[in-house]
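The values are calculated or read from the model by the stated rules, or taken from the named source; none is laboratory data. Remember, it's a predicted structure, so these values are computed and weren't measured experimentally. Ideal geometry is used to build each Cβ from the backbone, glycine not excepted, and the neighbour counts take in all protein chains shown. SASA here: full protein model, heavy atoms, side chains in, ligands and nucleic acids out. Shrake-Rupley method; radii C 1.70, N 1.55, O 1.52, S 1.80 Å.
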Amino acid sequence: MINLEHLRTAAIETLRLNDSGGFTKPSLHLYPHQWNWDSAVIALGLSNFDIAAAQTEIRSLLKGQWRDGMIPQIIFHKNTPNYFPGPEFWQTSNAPNAPQILTSGITQPPILASMVRKIHLRHPMPDFVQEVYPGLLSWHHWLHVDRDADGSGLASLIHPWESGTDDAPRWLSVMEGIKPVNLPLYNRIDNLRVDPGQRPNQADYDHFIYLVDFFRQRRYDSKAILRDSPFLVQDVLFNSILYRADLDLRALAEELGEPTMEIDKWLAKMKQSFQERFWDEERGLYFDYDLRNHHRIEVNSVFTFAPLYANLCSEQQAQRMIAEHWQNPQEYGTGGKLVYPATTLSMSEPAWEPRRYWRGPVWIIINWLLLQGFNQYGYSNLAEDLRQSSLKLISKSGFREYYDPLDGTGCGTTAFSWPAAIALEMIKPEESAAQG
Ligand code: GLC
């Protein structure tokens with residue numbers, strides 16, 4: 001039996017431990033700054049016991065917003081040494097659109113508007129919503145306009161880090177086509193803090209750094225980068241999160257009496273492009289799209305289920321993906337070697353590894369998005385199984401960055417904020433099920 005009261009106390013302690021006075025680190029040593037989508041979910045977690053801290057977390061994140069609307073992936077509130085790539089590598093102060101505060105020069109999944117709305121539905125905070133709404137709107141505008149590379153209304157990504165799933169094998173074929181020539185000298189330190197077998201391979205890391213160097217040479221000029229970046233993709237997960245967040249932003253706009261026409265246009269355009277671009281009728285899967293080489297990236301990853309979270313697929317598509325893939329023990333299903341869902345990559349993929357970062361391990365943030373999607377489509381039994389097995393994993397192995405789906409071993413960093421914030425949500429079944 002899981003002791004929920006104990007879990008709740010431990011989760012709050014972990015968030016307090018990572019509190020850096022105004023923002024919460026994902027973890028003390030591996031991620032000692034503020035990360036965009038971590039922070040949004042952390043704010044929701046904090047709202048369970050400290051609403052003022054939740055608001056402060058969001059305000060700190062918005063301090064990093066660029067003049068063109070982008071909310072960056074990392075905000076360097078303090079010049080903490082021992083992190084790479086830090087502000088001296090990103091050099092965003094050379095970018096005309098960068099804010100006063102130092103940040104990285106790319107973005108991350110836009111889940112913030114959805115978290116603001118979730119908090120607001122539970123603890124009405126109209127003044128706060130009014131305060132943050134313009135920032136949220138301009139970020140979404142930037143995503144739909146400045147990051148629309150082909151008129152589809154879908155946001156394009158220029159770096160695997162923007163997807164939040166850094167070394168996911170869905171990016172491998174694109175990366176293989178990029179030659180990291182004239183790579184600047186650099187020393188990564190992530191693999192000194194965590195078992196290197198659980199971190200990205202060196203070749204992937206060289207590509208990550210090559211791309212950052214490419215962008216900083218162009219002083220983060222959006223237009224030039226969209227035109228020239230060797231990495232340019234449309235991501236099923238990112239765009240699902242964006243669509244869901246557009247719906248939430250629209251609901252906030254209505255409540256504030258703000259116009260919704262622009263958001264309605266984004267939603268309509270995206271809904272249509274999403275199916276055409278990503279759905280593969282033959283395989284019954286959604287695939288990401290390589291915009292440089294003009295084809296779908298046919299890697300079977302768990303993000304095929306993200307459209308359920310966004311309410312973007314039909315009942316039939318959902319049913320088919322669940323029957324053919326989610327419940328298939330060769331891919332994502334239990335009943336074979338897999339004990340703890342969800343593996344982030346189908347076990348049938350050659351790149352699958354149970355303990356390497358985004359190549360197979362369970363990430364609690366993803367389980368939480370999936371279970372909301374299952375609930376939304378009426379698969380409450382699947383959602384409940386996922387909730388239970390996530391809580392079991394956390395109580396067995398602690399608040400870890402990710403977990404081995406075969407035996408539940410905790411991997412990556414420890415005292416990780418995401419699972420702590422999400423545990424506070426998951427211990428309340430009625431909240432996990434709720435969708436606005
Ligand atoms: C890793 C993850 C990313 C997360 C960050 C901080 O880079 O891939 O999704 O935001 O760590 O936790």
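Can you give the FRET efficiency to the nearest 0.05 for K179 and Q327, using r as the Cβ-Cβ distance and R₀ = 56 Å? Working shown, then result.
On the way: r = 41 Å, r/R0 = 0.73.
Calculated transfer efficiency: 0.85.
GNM on the chain, alpha-carbon springs under 10 angstrom: the most fluctuating residue among R199, R355, R320 is R320.
The heavy atoms of V41 offer some 0 square angstrom of accessible surface to a 1.4 angstrom probe.
Find how much the distance from K337 to S20 grows on full extension, using 0.36 nm per residue of separation minus their present alpha carbon separation; answer in nm with one decimal.
Length difference between fully extended and current span is 110.1 nm.
Using a probe of 1.4 Å, the accessible surface attributed to M125 totals some 20 Å² when neighbouring protein chains are kept in position. In this simple spin-label model, placing a label point 7 Å from the Cα along the Cα-to-Cβ direction at both E281 and R227 gives a separation of 3.8 nm.
Computed on protein heavy atoms with a 1.4 Å probe, the accessible areas place E262, E13 in the order E13, E262, largest first.
Could you please report the charge total around S173, scoring K, R as +1 and D, E as -1 over all other residues with beta-carbon less than 13 angstrom from its beta-carbon? Around S173, the surrounding residues sum to -3.
Would you list S222, S114, S395 from the most to the least accessible area, probe 1.4 Å? Each step should come with its number before you reach the end.
Numbers: S222 30, S114 5, S395 60 Å².
Sorted by accessible area, descending: S395, S222, S114.
Pulled fully out, how much extra length does the chain show between A52 and S380, if you take 0.36 nm times their separation in residues and subtract their Cα-Cα distance? Write down the numbers at each step before the final one.
Working: separation 328, 0.36 × 328 = 118.08 nm, distance 3.26 nm.
Gain on extension, A52 to S380, equals 114.8 nm.
Relative contact order of segment 300-414: 26 percent, from C-alpha pairs under 8 Å at least 6 residues apart in sequence. Just tell me, in residue order, which DSSP H segments of the chain are both 24 angstrom or longer along the helix axis (alpha-carbon based) and at least -1.0 in mean Kyte-Doolittle hydropathy. Helix filter hits for the chain: 236-256, 261-278, 380-397. Does segment 300-414 classify as rounded, prolate or oblate by the C-alpha gyration tensor (a ≥ b ≥ c root eigenvalues; a/c under 1.5 gives rounded; else a/b over b/c gives prolate, otherwise oblate)? Judged from the Cα gyration tensor, segment 300-414 comes out prolate (a/c at least 1.5, a/b above b/c). Directionally averaged projected area (the chain, Cα convex hull): 18.6 nm². Just so you know, the Rg over Rh for segment 65-299 is 0.97, from Cα atoms, with Rh as the Kirkwood radius. Comparing I111, I422, I101 in a Gaussian network model of the chain where C-alpha atoms under 10 Å apart are linked, the largest mean-square fluctuation is found at I101.
Report the local net charge at Q327: Lys and Arg +1, Asp and Glu -1, summed over other residues whose C-beta lies under 12 Å from its C-beta.
Numbers: positive: R320; negative: E324, E331, D385.
Neighbourhood net charge equals -2.
Using the Cβ-Cβ distance between N293 and E5 with R0 = 60 Å, the FRET efficiency computed as 1/(1 + (r/R0)^6) comes to roughly 0.70. V194 exposes around 10 Å² of accessible area when a 1.4 Å probe is run over every protein chain in place. With K and R counted +1 and D and E -1, the other residues having a Cβ less than 10 Å from that of S229 yield a net charge of +2.
Where a ≥ b ≥ c are the square roots of the eigenvalues of the C-alpha gyration tensor, would you call segment 65-165 rounded, which needs a/c under 1.5, or, failing that, prolate if a/b is larger than b/c, or oblate? Before the final figure, lay out the partial values.
Values: a/c = 1.84, a/b = 1.28, b/c = 1.44.
It comes out oblate by the Cα gyration axes.
For segment 144-193 versus segment 382-419, the inter-centroid distance based on Cα atoms is 26 Å. Note on R320 and Q272: the model spin-label points, each 7 Å out from Cα along the C-beta direction, lie 2.2 nm apart. Between the C-alpha center of segment 76-118 and that of segment 280-345 there is a gap of 31 Å.
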